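Asks: To start, I am sharing the structure in question, which I have written as structure tokens.
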Amino acid sequence: RAQFPLSNILHREMQGRYMQSLLDAQKQYGFFPTWSNPGMSGVMLGNHAISLLTDAWVKGIRTFNPDSALAAYYHEATNKGPWGGSNGREGWKDYFTKGFVPYGPIHEATAKTLEYAYDDFCAHQLAKLTGNKFYEDIFARQMYNYKNVFDDKVNFMRGRLTNGEWVPDFDPVEWGGAFTEGNSWQYTWSVFHDPKGLIDLIGGEDRFNAKLDSFFTMSQDIKYGTYKQEIHEMKEMLLAGMGQYAHGNQPTQHVPYLYNYSGQPWKSQKQVRMVTSKLYNASPRGYPGDEDQGAMSSWYVLSALGIYSVCPGTDEYVIGSPVFKKATVKLENGKTFIVEAQNNNSENVYIQSATLNGKTYNANFIKYSDIIEGGILRFRMGSEPNTKRGISLEDRPFSLSSYK
């Protein structure tokens, strides 16, 4: 998901053409293209074309008909195509009626539930922005379905059986089963559109932050689960040495930024810089896993600038910790967006203060409109965290539950 918010900044014209091509392909084939290489493969899970379309619309790219996009997505969400897990929607009837995809008849069911909920948020967002009440109402409830696979007895996302009972013998470090190339420790954070709702599920900010701390520092225990052997994502997690954080699998790549939502943004600054410095390098082995159609490099480019799109489909980029002392982005509209980080080095990873176009800036996010209009985002960096900056509720990025 990372590469397309980057494209929205740098290549708006091409992004607009790509959005129309998604709809053209859907019209010809009946389903949105997923993992085209170059033809339809349908591998992996979710229906993320709607994420791209909504993100483009939110950021002012209007090269397509939103009603056509929503109708195509509704077809996607209520049918199963002939190719792979992301061609149409596996388990869609149970997902709409029970609020979750049951594990057993459907493999990787909890991962699918979480991905579907985010995609349905995007559909709801596009419908709401374009005045399409029909589809807005359809997806209004579905986007909260992530709550139905959270077991508060164990404080993790978990697989559920067809009868609603939890899959027995739960172990949060066990890979596979209800999850895709990951485990419950990793997928529990996979609620891109509603971190505040997830904070509430976990038991409030203190428990959420303590759990996040554990995630990055705990032992690197692995149970192979249904994979029955080590897969490369497991090996990459072990090599990273950052607890259960597995940067090689996209559902966890946003996790270092989540402290911005829970009142401790300085921890996001530390974790982001740890990932950029420890897991990437300028060598033939510079990526810490699959490039996956540009996601891995785009994560780095955005994070090196000091921003990241945690939730495509909104107009916000969440602030991390910039790598460079100065970075200049030449925008397609002829304007220039500059990120300056005074006193920046490998030790000074914490933001002491910030200004946007000369005015004090305490928010833990920057809006797309501020980027595209050009200007200067200036940070003053230091070696110790500033625990007073960016801690108010107004400083926190978008979260669905904050606006109920």
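The values are calculated or read from the model by the stated rules, or taken from the named source; none is laboratory data. Values in this document were obtained by computation on a predicted structure and should not be read as measured data. Every residue, glycine as well, gets a Cβ built from its backbone with ideal geometry; the counts of neighbours run over all protein chains shown. Surface areas here come from the heavy atoms of the whole protein model, side chains and all, with no ligands, DNA or RNA. Shrake-Rupley method; radii C 1.70, N 1.55, O 1.52, S 1.80 Å.
Asks: For n ≥ 4 DSSP H runs only, could you compute -39500 (n - 2.57) per run for the chain, divide by its residues and tell me the 222 nm figure to the nearest 500?
Replies: -11000 deg cm²/dmol
Asks: Another question, then. Heavy atoms of the protein only, probe of 1.4 Å, neighbouring chains included. What is the accessible area of Met381 in Å², nearest 10?
Replies: Met381 has an accessible surface of roughly 10 Å² with all protein chains in place.
Asks: Taking a ≥ b ≥ c as the square roots of the eigenvalues of the Cα gyration tensor of the stretch 19-129, is the shape rounded (a/c under 1.5), prolate (a/b larger than b/c) or oblate?
Replies: Judged from the Cα gyration tensor, the stretch 19-129 comes out oblate (a/c at least 1.5, b/c at or above a/b).
Asks: Mind checking the dipole of the chain: about its Cα centre, +1 per Lys or Arg Cβ, -1 per Asp or Glu Cβ, Debye to the nearest 20?
Replies: Rounded to the nearest 20 debye, it is 860 debye.
Asks: Now for a different question. Does the stretch 169-250 come out rounded, prolate or oblate by the C-alpha gyration tensor, with a ≥ b ≥ c the root eigenvalues, rounded set by a/c under 1.5 and, if not, prolate when a/b is larger than b/c and oblate if not?
Replies: It is prolate, given that a/c is not under 1.5 and a/b is the larger ratio.
Asks: Tally the DSSP beta bridges in the chain and give the antiparallel ones as a percent, rounded to 5.
Replies: 70 percent
Asks: Please name whichever of Ala178, Ser268, Ala77 sits farthest to the positive end of the charge dipole of the chain, dipole taken about the Cα centre and charges placed at Cβ: Lys and Arg +1, Asp and Glu -1.
Replies: Of Ala178, Ser268, Ala77, it is Ser268.
Asks: Would you list Ile50, Ile376 from the most to the least accessible area, probe 1.4 Å?
Replies: Numbers: Ile50 0, Ile376 55 Å².
Largest to smallest exposure gives the sequence Ile376, Ile50.
Asks: Just how far, in whole angstrom, is the stretch 220-237 from the stretch 45-98 if you go by their alpha carbon centroids?
Replies: 31 Å
Asks: Let me ask something else about it. Compare the peptides 14-27, 146-159 by average per-residue count of other Cβ atoms within 10 angstrom and give them in order, highest first.
Replies: 146-159, 14-27
Asks: Rounded, prolate or oblate: pick one for the stretch 274-404, where a ≥ b ≥ c are the square roots of the eigenvalues of its C-alpha gyration tensor, a/c under 1.5 means rounded, and failing that, prolate if a/b is larger than b/c, else oblate.
Replies: Rounded shape, in that the Cα axes give a/c under 1.5.
Asks: With the full set of protein chains in place, find how many percent of the accessible area of the chain is carbon and sulfur; take the probe as 1.4 Å.
Replies: 51 percent
Asks: Cross-link candidates for Lys93: which lysines have Cα within less than 17 Å, leaving aside residues fewer than 8 places away along the same chain?
Replies: Reachable lysines: Lys80, Lys112.
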